[in-house]
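To keep things clear, I will list the structure first and then write my remarks on it.
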Amino acid sequence: MEIKQRCNWPGEDPLYVNYHDHEWGVPVYDDRALFEKLILDGFQAGLSWITILRKREHFISAFDGFEPGVIASYKSEKIEALMKDPGIIRNHLKIKNTVSSAQAWLNLRESGQGFSDFLWQFVEGKPNHNSWKSMKEVPAKTIQSEAMSKALKAAGFLFCGP
């Protein structure tokens, strides 16, 4: 049995440990799953990732499984209902930006490009494997992350900075 090396950042929190061991650093190629990750990352801005993980299941329910086709059609009544939902981060701008990003996701798909292909093009379709020895060595942004952020914004996505 292979023993998985674990970073220090998840600590002892079982939710964080499970995320580290089964999701963090695992390549994802599913368009909808990548959309979910983008949106949750946007909601995380200014907060800790564990805060988002603790609310994730409720986010999935509140945002209709992160189905961009459904979210893109949200009207003001749905946005107001989300603003009253204590199970998510109630930030009006982030909620409205989720709707705009869902519309951008649909536009990208209508142009003939899937979201996964769009994102993975910045690393030639495969994960980068790094060999940093400490978290201090890990850059906050890279040439690829800056290019991806710029392309996402140009395509109409919001809350997607490096």
Residues of segment 143-162 being within 20 Å of SER111 (Cα to Cα) and of a type in the set (D, E, K, R), in sequence order, are LYS150, LYS153
Selection from segment 27-46 of residues that are at pLDDT 95 or above and among the hydrophobic types (A, V, I, L, M, F, W, C): VAL28, ALA33, LEU34, PHE35, LEU38, ILE39, LEU40, PHE43
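Every residue, every condition in (1) open to solvent by 30 Å² or more (accessible area, probe 1.4 Å); (2) more than 28 Å from PRO14 (Cα to Cα), yes or no:
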position: ILE50; (1), (2): no, no
position: GLU57; (1), (2): yes, no
position: ILE60; (1), (2): yes, no
position: VAL99; (1), (2): no, yes
position: LEU119; (1), (2): no, yes
position: LYS136; (1), (2): yes, no
position: PHE157; (1), (2): no, yes
Can you find even one residue in segment 114-125 that is touching a helix residue (DSSP H, G or I) at 6+ places or on another chain (Cβ under 7 Å) and either in a loop (DSSP other than H, G, I, E, B) or free of Cβ contacts under 8 Å to residues at least 12 places away in the same chain (or both)? yes
Can ALA72 be described as among the hydrophobic types (A, V, I, L, M, F, W, C), within 18 Å of HIS92 (Cβ to Cβ) and modelled with pLDDT under 95? no
Residue hits (segment 22-49; part of a helix (DSSP H, G or I), farther than 13 Å from LEU119 by Cβ and among the aromatic types (Phe, Trp, Tyr)) are PHE43, TRP49
Return a yes/no flag: does segment 1-11 have any residue that is modelled with pLDDT of 95 or more and among the acidic types (Asp, Glu). no
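Yes or no, residue by residue, for (1) surrounded by 13 or more Cβ atoms within 10 Å (Cβ to Cβ); (2) touching a residue at least 24 places away in the same chain (Cβ under 8 Å); (3) in a loop (DSSP other than H, G, I, E, B):
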position	(1), (2), (3)
LYS78	yes, no, no
LEU82	yes, no, no
ASP85	yes, yes, yes
ILE89	yes, yes, yes
ILE95	yes, no, no
ALA104	yes, yes, no
Taking GLY11 as the residue in question, decide whether it is open to solvent by 70 Å² or more (accessible area, probe 1.4 Å), farther than 26 Å from VAL123 by Cβ and not in a helix (DSSP H, G or I). no
Do we have GLU36 as in contact (Cβ under 8 Å) with a residue 24 or more places away in the chain, more than 18 Å from GLU23 (Cβ to Cβ) and in contact with a helix residue (DSSP H, G or I) (Cβ under 8 Å, 6 or more places away or on another chain) here? no
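The values are calculated or read from the model by the stated rules, or taken from the named source; none is laboratory data. Bear in mind the structure is a predicted one, so any value in this text is a computation, not a measurement. Positions of Cβ are generated from backbone atoms using ideal geometry, with glycine treated the same way; all protein chains shown enter the neighbour counts. For accessibility, only protein heavy atoms count, side chains too; no ligands or nucleic acids. Shrake-Rupley method; radii C 1.70, N 1.55, O 1.52, S 1.80 Å.
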